[in-house]
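Engineer: Questions regarding the structure given below will be posed in turn.
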């Protein structure tokens with residue numbers, strides 16, 4: 001198991017290096033005019049040159065990349081060119097917002113998807129048809145549409161929930177919970193149905209295997225077959241689906257954070273990318289890749305624990 | 001049965017919990033000793049060197065005082081300067097300073113502090129630091145300073161009343177800490193800042209002018225998304241918000257008080273850079289540029305894209321003296337005249353015009369159709385860096401919304417050979433003559449005469465194809481009122497006041 005973890009961690013580090021190098025390369029060759037954006041319309045050419053020099057934008061690619069890489073290895077991601085905030089502080093403030101919203105959404109989605117998927121696979125009938133219908137609806141109606149509709153109904157028309165904003169849990173636990181409901185709701189509704197459909201298929205697939213029939217013929221209780229054997233065998237597919245949903249939600253949070261004005265990673269990344277704030281973009285890339293690697297590692301570990309064949313591979 | 005009961009109980013419990021939770025109304029800005037503003041932008045730095053106008057200036061006004069105050073109507077009032085005198089030749093200025101003012105770290109505001117601030121600003125690199133370049137500051141006595149300009153600066157008072165004189169404690173000037181933590185003498189103190197989210201200011205207990213402290217606490221929420229700002233206003237999370245044309249109607253229909261800034265701030269239109277015709281020979285012919293002006297139905301365009309925008313064919317602001325009412329309608333929509341000008345210029349069959357792919361697809365579609373009527377085919381250049389590339393001279397023309405500053409700022413940026421919006425350095429004989437006349441003597445009167453002259457020349461020679469002046473909208477709840485500010489997209493912070501409701 002230790003070798004398995006080490007192999008996964010090493011491949012994660014390699015992936016991180018490749019993605020960040022590629023990202024730096026892309027940012028370097030596409031971002032332009034930072035000094036103009038910082039100094040505005042009235043800035044003179046000498047002001048622009050001075051600002052470019054101050055930010056090191058007049059230096060060659062490899063010099064800038066090397067400086068960034070060596071500093072990043074030491075945990076120094078620099079400061080934003082646009083608001084002078086330390087990247088590490090900014091990420092420490094924003095990552096919890098995104099991870100909380102996405103984490104709670106994925107947790108609720110997972111519970112609902114497993115319950116619905118199991119019911120559809122085992123009971124069949126109207127509930128199966130309903131899950132399949134909801135799955136199609138889930139694909140057809142994106143999270144932002146649900147977000148906009150729910151804001152209009154629950155925040156503006158009924159004034160029951162806040163339309164925008166984020167309240168830290170340390171400041172006001174009830175306010176925190178209220179600020180979470182609508183964004184989480186939008187993400188859950190958009191993902192639960194499709195997850196349930198995938199889990200239904202995985203359970204159904206296992207449920208119809210010969211070895212399950214053999215277990216049943218040996219007189220083992222249906223409940224035991226389901227919870228002890230079928231769920232365990234179907235879990236890897238379900239976990240993979242949920243981990244993909246998690247990564248998808250991280251991307252989808254960009255729009256949700258924008259609609260609800262949540263100070264999370266998504267909004268931070270969009271603002272920084274639009275402005276050409278390279279240190280911020282790189283900081284976001286590093287932390288997002290790390291989160292994705294960690295999630296995949298955890299899923300791999302669980303899969304390895306559930307299925308020894310994975311460890312051998 | 002047992003299971004059903006359990007499920008029913010769970011559902012009921014969830015429902016009760018949901019009702020209990022949602023029964024608690026979201027934090028409303030009920031106590032109007034507070035003010036919550038939904039803003040489009042957030043400051044890039046708290047160092048006064050980086051101070052900017054427009055959406056940024058209210059942040060700086062919270063924590064810093066400037067020497068001169070600009071009233072909503074554009075007139076100038078004493079602030080940290082009690083009185084001032086600009087020499088007739090606009091090459092020097094004497095300023096008397098207020099006594100007894102202290103910064104929040106206890107440092108005294110005096111002539112030395114004012115000089116240290118102005119020296120730091122003049123020597124720094126910021127959005128408007130160039131407007132004071134060449135100025136030297138000398139201390140006359142403990143509460144008097146004198147500014148000496150290397151060349152006439154007839155708009156020195158404007159700059160000192162906007163971005164050029166926010167006073168920070170001399171103890172923190174030129175320190176890295178000033179970028180993230182302001183120390184000023186302003187009506188409020190920055191209490192907490194969550195960059196990208198919100199800034200909370202509490203009243204400065206030892207502030208010298210209590211009339212500027214109408215709220216005990218001010219929160220500025222950074223809501224870059226227009227719909228999020230509208231929702232925050234309608235949902236009661238903010239008392240005031242800047243609106244876009246697309247969100248004005250919704251705010252109005254929900255009973256919010258709407259303030260439209262008729263003191264022109266920006267104009268939108270085509271800025272033709274290649275008047276020499278080096279990139280696109282057709283644009284070098286004044287008749288072609290005039291034809292483009294005649295081909296645009298500005299009234300229809302404004303109605304389709306904006307809310308109450310003011311059609312115009314000039315780029316100078318009505319807030320200044322260079323503006324002429326008659327130039328708002330110099331090129332009346334006349335397709336026949338446009339076609340005859342195109343034919344006279346030898347372009348009856350048209351040409352291809354390269355424009356940046358502007359952010360409003362509806363505006364782009366209409367402009368394309370108007371120009372197509374005179375056989376000009378628009379090629380929308382897909383370039384995410386079009387702004388810096390335009391500044392670097394890579395575009396022949398762009399569609400843009402441009403700030404209408406003071407007369408001299410507009411003239412300098414748009415009509416001077418090295419102007420930041422004259423990206424291909426065009427200079428016509430008439431404009432060159434006007435600039436020569438202005439350069440001989442930069443007195444306020446000369447600025448008045450020559451900027452009006454430059455406006456006339458730019459319109460007659462069709463340097464631009466302006467569409468309209470864009471109105472800016474701010475809406476407030478019934479608990480707060482405000483006053484629009486001359487030449488600024490949003491009201492100054494001092495303009496907000498509680499209504500008592």
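The values are calculated or read from the model by the stated rules, or taken from the named source; none is laboratory data. As the structure is a prediction and not an experimental result, all values here were calculated from the model. With ideal geometry, Cβ positions are generated from the backbone for all residues, glycine too; neighbour counts draw on all protein chains shown.
Engineer: Does residue B:340 qualify as being in a helix (DSSP H, G or I), over 27 Å from the mean Cα position of the chain (by Cα) and either within 14 Å of chain A (Cβ to nearest Cβ) or more than 20 Å from residue B:463 (Cα to Cα) (or both)?
Structural biologist: Against the criterion (in a helix (DSSP H, G or I), over 27 Å from the mean Cα position of the chain (by Cα) and either within 14 Å of chain A (Cβ to nearest Cβ) or more than 20 Å from residue B:463 (Cα to Cα) (or both)), residue B:340 does not qualify.
Engineer: Inside the range B:101-126, can you point out the residues that are at pLDDT 95 or above and in a loop (DSSP other than H, G, I, E, B)?
Structural biologist: Those that are at pLDDT 95 or above and in a loop (DSSP other than H, G, I, E, B): B:101, B:103, B:104, B:105, B:106, B:107, B:109, B:110.
Engineer: For the range A:158-173, state whether one or more residues are outside any loop (DSSP other than H, G, I, E, B), within 22 Å of residue B:225 (Cα to Cα) and facing chain B (nearest Cβ under 8 Å).
Structural biologist: No, because not a single residue in the range A:158-173 is outside any loop (DSSP other than H, G, I, E, B), within 22 Å of residue B:225 (Cα to Cα) and facing chain B (nearest Cβ under 8 Å).
Engineer: Take the residues in the range A:249-264 that are assigned to a helix (DSSP H, G or I) and at the interface with another protein chain (Cβ under 10 Å from one of its Cβ atoms), then tell me which one is surrounded by the fewest Cβ atoms within 10 Å (Cβ to Cβ).
Structural biologist: Of everything passing the filter in the range A:249-264, A:255 is surrounded by the fewest Cβ atoms within 10 Å (Cβ to Cβ).
Engineer: From A:181, A:106, A:122, which residue is under 30 Å from residue A:72 (Cβ atoms), in a helix (DSSP H, G or I) and either touching a residue at least 12 places away in the same chain (Cβ under 8 Å) or out of contact with any helix residue (DSSP H, G or I) (no Cβ under 9 Å at 6 or more places or on another chain) (or both)?
Structural biologist: Exactly one residue qualifies, and that residue is A:106.
Engineer: Another question, if that's okay. Of everything in the range A:76-93, what is within 7 Å of chain B (Cβ to nearest Cβ), crowded, with 21+ Cβ neighbours inside 10 Å and in contact with a helix residue (DSSP H, G or I) (Cβ under 8 Å, 6 or more places away or on another chain)? Give them in sequence order.
Structural biologist: Those that are within 7 Å of chain B (Cβ to nearest Cβ), crowded, with 21+ Cβ neighbours inside 10 Å and in contact with a helix residue (DSSP H, G or I) (Cβ under 8 Å, 6 or more places away or on another chain): A:82, A:90.
Engineer: So for the range B:189-198 (the condition being within 11 Å of another protein chain (Cβ to nearest Cβ), within 25 Å of residue A:82 (Cα to Cα), surrounded by fewer than 21 Cβ atoms within 10 Å (Cβ to Cβ) and in contact with a helix residue (DSSP H, G or I) (Cβ under 8 Å, 6 or more places away or on another chain)), does at least one residue qualify?
Structural biologist: yes
Engineer: Considering every residue within the range B:260-269, establish whether at least one is surrounded by 18 or more Cβ atoms within 10 Å (Cβ to Cβ) and over 19 Å from the mean Cα position of the chain (by Cα).
Structural biologist: No, the range B:260-269 has no match at all.
Engineer: Right, another one. What pairs can you find where one residue is in the range B:169-188 and within 16 Å of residue B:102 (Cβ to Cβ), the other is outside any helix (DSSP H, G or I) and modelled with pLDDT under 95, and their Cβ atoms are less than 7 Å apart, with a gap of 6+ or different chains?
Structural biologist: B:187/B:213
Engineer: Identify all residues within the range B:127-155 that are part of a helix (DSSP H, G or I) and over 18 Å from the mean Cα position of the chain (by Cα); write none if there are none.
Structural biologist: Selection gives B:132 alone.
Engineer: Consider residue A:115 carefully, then state whether it is within 14 Å of chain B (Cβ to nearest Cβ) and surrounded by fewer than 19 Cβ atoms within 10 Å (Cβ to Cβ).
Structural biologist: Considered against the rule, which asks whether it is within 14 Å of chain B (Cβ to nearest Cβ) and surrounded by fewer than 19 Cβ atoms within 10 Å (Cβ to Cβ), residue A:115 comes out as yes.
Engineer: Output the residues belonging to the range A:291-302 that are surrounded by fewer than 16 Cβ atoms within 10 Å (Cβ to Cβ) and under 11 Å from the mean Cα position of the chain (by Cα).
Structural biologist: None; the set is empty.
Engineer: Quick one: which residue in B:319, B:302 is touching a strand residue (DSSP E or B) at 6+ places or on another chain (Cβ under 7 Å), assigned to a loop (DSSP other than H, G, I, E, B) and buried (at least 18 other Cβ atoms within 10 Å of the Cβ)?
Structural biologist: The conditions single out B:319.
Engineer: Let me ask something else about it. Say whether the condition of being buried (at least 21 other Cβ atoms within 10 Å of the Cβ), touching a residue at least 12 places away in the same chain (Cβ under 8 Å) and farther than 30 Å from residue B:411 by Cβ is met by at least one residue in the range B:245-254.
Structural biologist: Checked against the condition, which is being buried (at least 21 other Cβ atoms within 10 Å of the Cβ), touching a residue at least 12 places away in the same chain (Cβ under 8 Å) and farther than 30 Å from residue B:411 by Cβ, the range B:245-254 yields at least one hit.
Engineer: Given the conditions (1) more than 11 Å from chain A (Cβ to nearest Cβ); (2) under 30 Å from residue B:311 (Cα atoms); (3) crowded, with 20+ Cβ neighbours inside 10 Å, which single one is not true for residue B:228?
Structural biologist: Of (1) more than 11 Å from chain A (Cβ to nearest Cβ); (2) under 30 Å from residue B:311 (Cα atoms); (3) crowded, with 20+ Cβ neighbours inside 10 Å, only one is false for residue B:228: (1).
Engineer: Further question: For the range B:456-482, which residues satisfy the criterion of being in a loop (DSSP other than H, G, I, E, B) and over 21 Å from residue B:331 (Cα atoms)?
Structural biologist: Listed by number, the residues that qualify are B:477, B:478, B:479, B:482.
Engineer: How many residues are loosely packed, with under 15 Cβ neighbours inside 10 Å, part of a helix (DSSP H, G or I) and free of Cβ contacts under 8 Å to residues at least 40 places away in the same chain if we restrict to the range B:347-369?
Structural biologist: 3
Engineer: Under the condition of being surrounded by fewer than 19 Cβ atoms within 10 Å (Cβ to Cβ) and at pLDDT 85 or above, which residue from the range A:30-56 is nearest to the other protein chains (Cβ to nearest Cβ)?
Structural biologist: Going through the qualifying residues, I end up with A:50.
Engineer: What do you reckon, is residue B:389 buried (at least 17 other Cβ atoms within 10 Å of the Cβ), within 14 Å of chain A (Cβ to nearest Cβ) and part of a helix (DSSP H, G or I)?
Structural biologist: yes
Engineer: So which residues in the range B:401-420 are closer than 19 Å to residue B:358 by Cβ, at pLDDT 90 or above and crowded, with 21+ Cβ neighbours inside 10 Å, if there are any at all?
Structural biologist: If the condition is that a residue be closer than 19 Å to residue B:358 by Cβ, at pLDDT 90 or above and crowded, with 21+ Cβ neighbours inside 10 Å, then B:414 is the only one that fits.
Engineer: Looking at B:424, B:438, which one is under 21 Å from residue B:352 (Cα atoms) and out of contact with any strand residue (DSSP E or B) (no Cβ under 7 Å at 6 or more places or on another chain)?
Structural biologist: None of the other options fit; the residue is B:424.
Engineer: Within the range B:243-254, does at least one residue satisfy the condition of being within 22 Å of the chain's Cα centre (by Cα), at pLDDT 90 or above and within 14 Å of another protein chain (Cβ to nearest Cβ)?
Structural biologist: Taking every residue of the range B:243-254 in turn, none turns out to be within 22 Å of the chain's Cα centre (by Cα), at pLDDT 90 or above and within 14 Å of another protein chain (Cβ to nearest Cβ).
Engineer: Suppose we keep only residues that are within 14 Å of chain A (Cβ to nearest Cβ) and in contact with a helix residue (DSSP H, G or I) (Cβ under 7 Å, 6 or more places away or on another chain) within the range B:348-383. Which one would you say is modelled with the highest pLDDT?
Structural biologist: Ranking the qualifying residues of the range B:348-383, first place goes to B:356.
Engineer: Whether any residue in the range A:268-282 is within 14 Å of chain B (Cβ to nearest Cβ) and touching a strand residue (DSSP E or B) at 6+ places or on another chain (Cβ under 7 Å) is what I want to check.
Structural biologist: Checked the range A:268-282: at least one residue is within 14 Å of chain B (Cβ to nearest Cβ) and touching a strand residue (DSSP E or B) at 6+ places or on another chain (Cβ under 7 Å).
Engineer: Look through the range B:40-77, keep the residues that are within 11 Å of chain A (Cβ to nearest Cβ) and not in a loop (DSSP other than H, G, I, E, B), and return whichever of them is farthest from residue B:473 (Cα to Cα).
Structural biologist: B:49
Engineer: Separate question: With respect to residue B:398, determine if the residue is more than 19 Å from residue B:131 (Cα to Cα), within 14 Å of chain A (Cβ to nearest Cβ) and in contact (Cβ under 8 Å) with a residue 12 or more places away in the chain.
Structural biologist: Yes.
Engineer: Assuming residue B:336 fulfils every condition listed in (1) surrounded by fewer than 18 Cβ atoms within 10 Å (Cβ to Cβ); (2) over 15 Å from residue B:282 (Cα atoms); (3) in contact with a helix residue (DSSP H, G or I) (Cβ under 7 Å, 6 or more places away or on another chain) apart from one, which condition is it?
Structural biologist: Condition not satisfied by residue B:336: (3).
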